[in-house]
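The values are calculated or read from the model by the stated rules, or taken from the named source; none is laboratory data. The shown structure was predicted, so the numbers you read here are calculated from the model rather than taken from an experiment. No Cβ is skipped: glycine too gets one built from the backbone with ideal geometry, and neighbour counts run over all protein chains shown.
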Amino acid sequence: MAALAGAAPVALASAARPHYSPSAVISNPDVSVTPNPSAPGTATTFVVSCNSLTGGGNATAATLNGSTLGLSSQIQMQQGAQPGQFVATVTLPQTIGPGTFSPTINCNNGVTQTATFEVNAVPSQAPATGDGSTSTVTDGKLAVAGLGLLGIAAVAGGVVLRRRRSGRHI
Amino acid sequence: MLDAGIAIAMAAGIVVPFVGSSTLRWSPPPLPPASVEVSGAKVAAGPRGTPGTGGASLVRPMARSVPTSLYIPRISVRAKIISLGLTASGAAAVPPLSTPFLTSWYDRGPTPGQPGTSVILGHVDSAKVGPAIFYYLGELRPGDLIYVTLEDRQTAVFRVYSAALYLKADFPTRTVYSYTSWPTLRLITCGGEFDRATGHYLGNTVVFADYIGQHAAANGS
């Protein structure tokens, strides 16, 4: 989204512009990100094919630049199942904000790929789901009073039980 | 101090009785058995109960499709679902209290049946009607089934594996909202004591469920 805004700010400002879904804008057959959208704290896997662009020769290594994600700028990727394919799984920081991210992947045959993906917002607060109209409401002083009563009830109950028990024994 | 007292009572599974509330029109909403996960530091552990593995390996996840209705036979819930995002304070938005029988799906996350954690919220009560759509949520137990019908007329079926009451002040957002590699569902409402001073419940009831399969939607379910 940020990249799109940078490329065509005027067009974006026009209300008549049709809406493009992120996937239509970002699809790159040589890169996959799973899950997409991802979320803070989520293990996210990047898979890249370094050899599909012509003229680069075979890649033997690739690094993921995680700096825009709040991670290392030099994340070594592991060799994948196919020749020229590399894989890295990283855990996104809890602090990463929602939005579109486009970290780059550098293959050592000179090919650079961009792995664009979305990060979802995760709620940071507990939701407010009721107005208390059925609750045993009330403010705290009463709660403490209630606790006190409970304590008294427990003690009294204990005494009664003990009396009953001892009564049975006699 | 106060909160601590209530927290202890909640932790002990006690519904704190009150002297002052003379005429209660409704009994308080039921609570899950595994009540509050209270701790001074963090709620690090996951919810009680074990998520099924069937959802992970044997059942194929569903395509993305917005959920439209919810059916929970055990507590006789049939509800429409609307799509909502975040509030300004960063909580998942809920339908207005004036529509107490609507539920909301958190639309920044996966749709039900997709890998990840999809979240559906509903009110526990509303002055307009008393008990609201998720009043009985705390009665759900492991094994209970939840049916979520999607826009594409498919129904995602989930099985409850845990239910818990958490203090809002210590709400474990990671446990509740974190991504799961298999499809899971969370149902959330309010629970525990109500704090009249703030106008909020002190806790949230959360039901955790695993995806177990799908079927074509049949007459309204």
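The table that follows gives values for the structure above.
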| item | result |
| --- | --- |
| Strands (runs of 3 or more DSSP E) contained in the range B:144-221 and holding at least 1 residues within 14 Å of another protein chain (Cβ to nearest Cβ) and on the phi > 0 side of the Ramachandran plot | B:183-195 |
| Flag if residue A:83 is without any contact (Cβ under 8 Å) to a residue 40 or more places away in the chain and within 14 Å of another protein chain (Cβ to nearest Cβ) | no |
| Filtered residue count, the range A:89-106, keeping only those that are in a strand (DSSP E or B), surrounded by 15 or more Cβ atoms within 10 Å (Cβ to Cβ) and under 14 Å from the mean Cα position of the chain (by Cα) | 3 |
| Answer from B:169, B:197, B:164 - the residue that is surrounded by fewer than 22 Cβ atoms within 10 Å (Cβ to Cβ) and out of contact with any Gly (no Cβ under 8 Å at 6 or more places or on another chain) | B:169 |
| Single unsatisfied condition, residue B:119 versus (1) within 7 Å of another protein chain (Cβ to nearest Cβ); (2) within 12 Å of residue B:185 (Cβ to Cβ) | (1) |
| Residue ID - surrounded by the fewest Cβ atoms within 10 Å (Cβ to Cβ), chosen from residues in the range B:86-116 that are at the interface with another protein chain (Cβ under 9 Å from one of its Cβ atoms) and touching a Phe, Trp or Tyr at 6+ places or on another chain (Cβ under 7 Å) | B:115 |
| Within the range B:160-171, tally of residues that are in contact with a Pro (Cβ under 8 Å, 6 or more places away or on another chain) and not β-branched (Val, Ile, Thr) | 6 |
| Which numbered condition residue A:107 misses (of (1) among the hydrophobic types (A, V, I, L, M, F, W, C); (2) modelled with pLDDT of 55 or more; (3) over 30 Å from residue A:39 (Cβ atoms)) | (3) |
| Positions within the range B:135-154 being more than 10 Å from residue B:72 (Cα to Cα) and crowded, with 22+ Cβ neighbours inside 10 Å, in sequence order | B:135, B:138, B:149, B:150 |
